[in-house]
Amino acid sequence: MFALIGLGNPGAEYATTRHNIGFMVLDAVGGALRMRFKRQPGEYTMAEGSLGGEVVLLVKPLTYMNNSGAAVAEVLERCTPERPKILVIADDFHLPLGRLRIRLRGSDGGHNGLRSISYHLQTSEFARLRCGIGGEGMPVEKQDMAAYVLAPFDEREEDTVRKLIGRARDAALETVVSGFESAMQQYNRNTI
């Protein structure tokens, strides 16, 4: 069983922002697998299906980015006795726009959603697919970063974003079908 968890903020005002790339990628995965999201009793929406003999859960926390871990912990608790392998899909302003990086564990890198998941799961031992959103308009000052990640992509970035979403979708699917190592070899080196 795999749980692919896309991070973002609920609501139309956030739908096209840089911080919501996790939701965008999960929508692309759901489209590829013909899965539909449904609101769950907890604070998340989920789609369920299968790929390559694996049960696949697509999860979008609705707790807002800074409390994503509460929803993730709830999903994992409901999956007992079999705990799924998880892949968290999130934005990363440290990576240039279009770059992907899959890691099996690591720090939150200043990402509040990843920090929340580490806190609620009491471990940073979970895989993550980081999607580069860094660009020319990125602020120098850290205090201005929130406005940057909560802004929509620029029009001139749209083609790269579309390709990024497609590659991240493919990387997530490759992870389910062939495993983390295969996905890392294929997608960590290449850029758009």
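The values are calculated or read from the model by the stated rules, or taken from the named source; none is laboratory data. Here the structure is a predicted model, which is why all the values come from computation and not from measurement. Backbone-built Cβ (ideal geometry, glycine too); neighbour counts: all protein chains shown.
A single entry from 118, 107 fulfils the requirement of being closer than 23 Å to residue 14 by Cβ and either of a type in the set (D, E, K, R) or not in a strand (DSSP E or B) (or both): 118.
Within the range 4-17, being surrounded by fewer than 22 Cβ atoms within 10 Å (Cβ to Cβ) and either touching a Cys at 6+ places or on another chain (Cβ under 8 Å) or assigned to a strand (DSSP E or B) (or both) holds for one residue alone: 17.
If you filter the range 112-125 down to residues that are in contact with a Ser or Thr (Cβ under 7 Å, 6 or more places away or on another chain) and touching a residue at least 24 places away in the same chain (Cβ under 8 Å), you find that the one that is surrounded by the fewest Cβ atoms within 10 Å (Cβ to Cβ) is 118.
I need a count of the residues in the range 60-90 that are in contact with a strand residue (DSSP E or B) (Cβ under 8 Å, 6 or more places away or on another chain), assigned to a loop (DSSP other than H, G, I, E, B) and polar (S, T, N, Q). Final tally of qualifying residues: 1. Would you confirm whether or not the range 92-111 contains a residue that is among the hydroxyl-bearing types (Ser, Thr, Tyr), at pLDDT below 95 and either buried (at least 17 other Cβ atoms within 10 Å of the Cβ) or in contact with a strand residue (DSSP E or B) (Cβ under 9 Å, 6 or more places away or on another chain) (or both)? There is no residue in the range 92-111 that is among the hydroxyl-bearing types (Ser, Thr, Tyr), at pLDDT below 95 and either buried (at least 17 other Cβ atoms within 10 Å of the Cβ) or in contact with a strand residue (DSSP E or B) (Cβ under 9 Å, 6 or more places away or on another chain) (or both). Per the conditions (1) modelled with pLDDT of 95 or more; (2) surrounded by 19 or more Cβ atoms within 10 Å (Cβ to Cβ); (3) out of contact with any Pro (no Cβ under 7 Å at 6 or more places or on another chain), the sole criterion not satisfied by residue 44 is (3).
Residue check: residue 38 meets all listed conditions (1) at pLDDT 95 or above; (2) surrounded by 15 or more Cβ atoms within 10 Å (Cβ to Cβ); (3) over 29 Å from residue 147 (Cα atoms) but one, namely (2).
Does residue 71 satisfy being buried (at least 22 other Cβ atoms within 10 Å of the Cβ), over 18 Å from residue 169 (Cα atoms), among the hydrophobic types (A, V, I, L, M, F, W, C) and touching a residue at least 12 places away in the same chain (Cβ under 8 Å)? Taking the combined requirement at face value, the residue satisfies it. Taken over the range 18-35, the criterion of being touching a helix residue (DSSP H, G or I) at 6+ places or on another chain (Cβ under 7 Å), farther than 12 Å from residue 88 by Cα and either surrounded by fewer than 21 Cβ atoms within 10 Å (Cβ to Cβ) or among the hydrophobic types (A, V, I, L, M, F, W, C) (or both) is satisfied by 24, 28, 29, 32.
Filter the range 129-138 for residues that are surrounded by fewer than 19 Cβ atoms within 10 Å (Cβ to Cβ) and of a type outside the set (Asp, Glu); which is nearest to residue 24 (Cα to Cα)? Applying the filter and picking the extreme gives 134.
Residues of the range 78-128 that are closer than 18 Å to residue 26 by Cα, hydrophobic (A, V, I, L, M, F, W, C) and out of contact with any Asp or Glu (no Cβ under 7 Å at 6 or more places or on another chain): 86, 87, 88, 89, 90, 100, 102, 117, 126, 127.
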